[in-house]
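Encoded as structure tokens, the structure appears first; notes follow it.
The values are calculated or read from the model by the stated rules, or taken from the named source; none is laboratory data. A quick note: this is a predicted structure, and the numbers were derived from the prediction, not measured. Quick reminder, even Gly has a Cβ in these numbers, built from the backbone with ideal geometry, and neighbours come from all protein chains shown. All accessible areas refer to the heavy atoms of the entire protein, side chains included, with ligands and DNA or RNA removed. Shrake-Rupley method; radii C 1.70, N 1.55, O 1.52, S 1.80 Å.
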Amino acid sequence: MEKENEARRLKAKEMSRIGSSEGFQPVSLKREEDDQPSETDQLSMEEREPETEVPVPKQISRLPSVVESALYPNPYHKPYLSRKYFVTRPGVIETAMEDLKGHITKTSGETIQGFWLLTEIDHWNNEKERILLITDKTLLICKYDFIMLCCVQFQWIPLSAIYRICLGKFSFPAMSLDKRQGEGLRIYWGSPEQQSLLVRWNPWSTEMPFATFTEHPMKYTSEKFLEICKLSGFTSKLVPAIQNTHKNSTESGRGKGLTVLTEPILIETYTGLMSFIGNRNKLGYSLARGSIGF
């Protein structure tokens, strides 16, 4: 019994040592990883570090726009601008060509020699989007609605009636307030001097014996439009077509010859308020004007 009691006392003594504070060693709760900054600390440090480097990415982001403006100075190279013109939308110009081919086949049956998209400038300096076709005997000037995809107006000009073509830069009276730059082409099939003052000063007159053209603003959109909007290409096809018609013509007089001149093209406008508003807003083109409403 004494041995059992002695064993019990020893066991109780050991347990009392384990339960006392002397049996515990202070342990540091800090880990080795704590010597390194935490993820939140790293993020905060990374946000603070590039303060001196902020201008660098801004400069890099501007480089593409600078390069683009240098390579493509023409604003119509930008896709979002060209999409505003309905004529550049997929399939529109092809539909217009098929419509006009079908119309000519039904009416005259003549062979089409060329198809162009140009801008007509009337005697009041207003720009108008036009499709031009050259056949064996006729120059066809068409006002085409590229929104509704239909022909609105036709003007048939016999090639045998065209007696003069002028190429050159646009000129205006010295007192004119609305002048334009660039070059154009004017086709004469009658004498302007024979027109009355009422016809010459009527902005909506369609009896002018000449037509003036320049290149369409969508010329640089694609290779296809570069071909059909080139004024030199139209001229190189029109002149021989007129000359061949004159040779084969049995009419006498003026129809036997064609004169091609290089001289300034006079547009006799002075105030030009109507053309200023219309041309700045491209009212003569089938253009997306934006949504109207709420």
Exactly one condition in (1) open to solvent by less than 10 Å² (accessible area, probe 1.4 Å); (2) farther than 30 Å from L177 by Cβ; (3) under 26 Å from the mean Cα position of the chain (by Cα); (4) not basic (K, R) is false for I121; which is it?
(2)
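Within segment 164-174, take every residue that is of a type outside the set (G, A, S) and modelled with pLDDT of 95 or more and give me the one that is most open to solvent (accessible area, probe 1.4 Å). Lay out the reasoning, then the answer.
So the first thing to find is which residues in segment 164-174 are of a type outside the set (G, A, S), and the list is 164-167, 169-170, 172-173.
Checking which are modelled with pLDDT of 95 or more leaves us with 164-167, 169-170.
Details: R164: 65, I165: 1, C166: 3, L167: 47, K169: 132, F170: 24 Å².
Result: K169.
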Quick check on segment 217-229. Is at least one of its residues surrounded by 12 or more Cβ atoms within 10 Å (Cβ to Cβ), in contact with a Cys (Cβ under 6 Å, 6 or more places away or on another chain) and either in contact (Cβ under 8 Å) with a residue 60 or more places away in the chain or not polar (S, T, N, Q) (or both)?
yes
Note down all Cβ pairs under 7 Å where the first residue falls in segment 263-289 and is open to solvent by 80 Å² or more (accessible area, probe 1.4 Å), the second is at pLDDT 90 or above and assigned to a strand (DSSP E or B), and they're at least six residues apart or on different chains.
P264/G168; P264/K169; P264/S171; L266/S171
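For the condition of a type in the set (K, R) and closer than 14 Å to W124 by Cβ, what is the one hit in R186, R200, R164?
Sole residue among the options that is of a type in the set (K, R) and closer than 14 Å to W124 by Cβ: R200.
Taking L185, is it at pLDDT 95 or above, open to solvent by less than 20 Å² (accessible area, probe 1.4 Å), touching a helix residue (DSSP H, G or I) at 6+ places or on another chain (Cβ under 7 Å) and closer than 24 Å to L283 by Cα? Show your work before the answer.
Working: at pLDDT 95 or above: yes; open to solvent by less than 20 Å² (accessible area, probe 1.4 Å): yes; touching a helix residue (DSSP H, G or I) at 6+ places or on another chain (Cβ under 7 Å): yes; closer than 24 Å to L283 by Cα: yes.
So L185 fits the description; yes.
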